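Here is the structure we will look at.
The values are calculated or read from the model by the stated rules, or taken from the named source; none is laboratory data. All values reported here derive from a predicted model rather than from experimental measurement. Here the Cβ positions follow ideal geometry from the backbone for every residue, glycine too, while neighbour counts run over all protein chains shown.
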Amino acid sequence: MKHIPFIILMVIALVGCNSKSKTEEEIANITVDVELVRFDKIFGKASLGDLPHLKSQYPQFFPKQYPDSIWEGRLSDTLQQQLNDAVLKVYPNETDLQEDLEDLFRHIKFYDPAFVIPKVFTITSDVDYKTKVIAQDSILVVELDTYLGADHPFYEGISKYITKNMNPDDILSDVSMAYSKRYIAIPRQRSFLSQMLYFGKGLYLKDLWLPTLDDAQKIGYTQEEWNWAVENESEIWRYFIENELLYSTDGKLPSRFINPAPFSKFNLELDNESPGMIGRFIGWQIVKSYVENNEVSMQELMKMEPDDLYRKSKYKPKK
């Protein structure tokens, strides 16, 4: 009889695995064709005489308020040429990226059959790491020069907590986050809890859309940062509760616990050991706890009010 609990756990685990496998089989059968245009290559090979044709064929990349001298300067700029060469070295072809995006879009379409597959353009952006990915109604733009590798020479002078997420493997995570904003209801409250759950919902969508991606990478942590967050989850939660932060609208809380940063700001000795965005991590755990304890569709979950979601989540961090 003492082996029964173990057997029950094994059965539950097997049922869960079989369910996931069946879901992935259904997703794999969804037909998705991604048209990917390497505009970075096209512009990199262009000459001054090609500019009128480029402007006519790709008007979205040539805003009318900018004079031709801007683009002429870029075509002949030595630094731009070096940037083009660096991108080509890391991304000599687009096959892997195209296949990865098709797999991501299959997963999104499984949970939202109305999802329209976008036309994908890759560009260079003078390493504008504040955008990296632009997701519009029918177009996705990926700035490949912001994904050359954390230690790339072009990134000298950029803070390490930013460059650690500027690797080729980070593209899908950023694309997923960009599309998640289409589904997540913007919270009406300004409370710390609502902000945690807003980003927590986005991270949960990565669980659905990028099931093989490592959890640390989904949130942009190193493995060491992820381990710290997991090991200290109960202490973090206790701090939030004891300091009555959940329903606080203190404008400093996002910079302390939500926004990208080298570390979270508890104003304690442990600060330097902590990763940034720890509020997003906790929000993610609350959302996962809700899903484990309630039947809900993706669309319903994304629209849920923060207070209702939190109350029904039965969230209790492991000690």
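Checked against the criterion of being within 21 Å of Arg188 (Cβ to Cβ) and of a type outside the set (Lys, Arg), the candidates Gly283, Gly276, Gly220 yield just one match: Gly283. Within the set Ile171, Ile134, the sole residue that is at pLDDT 95 or above and surrounded by 17 or more Cβ atoms within 10 Å (Cβ to Cβ) turns out to be Ile171.
Mind listing just one residue for me: the one in the range 129-183 that is assigned to a loop (DSSP other than H, G, I, E, B) and of a type in the set (Val, Ile, Thr) and, of those, farthest from Val116 (Cα to Cα)?
Filtering the range 129-183 for residues that are assigned to a loop (DSSP other than H, G, I, E, B) and of a type in the set (Val, Ile, Thr), the one farthest from Val116 (Cα to Cα) comes out as Ile158.
Ile30 falls short on exactly one of the conditions (1) at pLDDT 95 or above; (2) loosely packed, with under 10 Cβ neighbours inside 10 Å; (3) not in a helix (DSSP H, G or I), and that condition is (2).
Among the residues of the range 55-104, count how many are more than 24 Å from Leu148 (Cβ to Cβ) and of a type in the set (A, V, I, L, M, F, W, C).
First pass over the range 55-104, keeping only residues more than 24 Å from Leu148 (Cβ to Cβ): 55-57, 59, 62-69, 72.
Retained after the next criterion (residues that are of a type in the set (A, V, I, L, M, F, W, C)): 62.
Matching residues across the range 55-104 total 1.
Condition first: at pLDDT below 95 and either under 30 Å from Ile108 (Cβ atoms) or in contact with a Gly (Cβ under 7 Å, 6 or more places away or on another chain) (or both). Can you find one or more residues in the range 63-73 that meet it? Checking the range 63-73: at least one residue is at pLDDT below 95 and either under 30 Å from Ile108 (Cβ atoms) or in contact with a Gly (Cβ under 7 Å, 6 or more places away or on another chain) (or both).
For Ser125, state whether it is surrounded by fewer than 17 Cβ atoms within 10 Å (Cβ to Cβ) and over 26 Å from Gln285 (Cβ atoms).
Working: surrounded by fewer than 17 Cβ atoms within 10 Å (Cβ to Cβ): no; over 26 Å from Gln285 (Cβ atoms): yes.
Taking the combined requirement at face value, the residue does not satisfy it.
Tell me, please, whether a residue that is surrounded by fewer than 18 Cβ atoms within 10 Å (Cβ to Cβ) and either at pLDDT 95 or above or touching a Gly at 6+ places or on another chain (Cβ under 8 Å) (or both) can be found in the range 190-203. Looking for residues that are surrounded by fewer than 18 Cβ atoms within 10 Å (Cβ to Cβ) and either at pLDDT 95 or above or touching a Gly at 6+ places or on another chain (Cβ under 8 Å) (or both), one finds none in the range 190-203, hence no.
Results for (1) of a type outside the set (D, E, K, R); (2) in contact with a Phe, Trp or Tyr (Cβ under 8 Å, 6 or more places away or on another chain); (3) touching a residue at least 24 places away in the same chain (Cβ under 8 Å), shown as yes or no for each residue.
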site: Ser255; (1), (2), (3): yes, no, no
site: Ile278; (1), (2), (3): yes, yes, yes
site: Val291; (1), (2), (3): yes, yes, yes
site: Lys312; (1), (2), (3): no, yes, no
site: Lys316; (1), (2), (3): no, no, yes
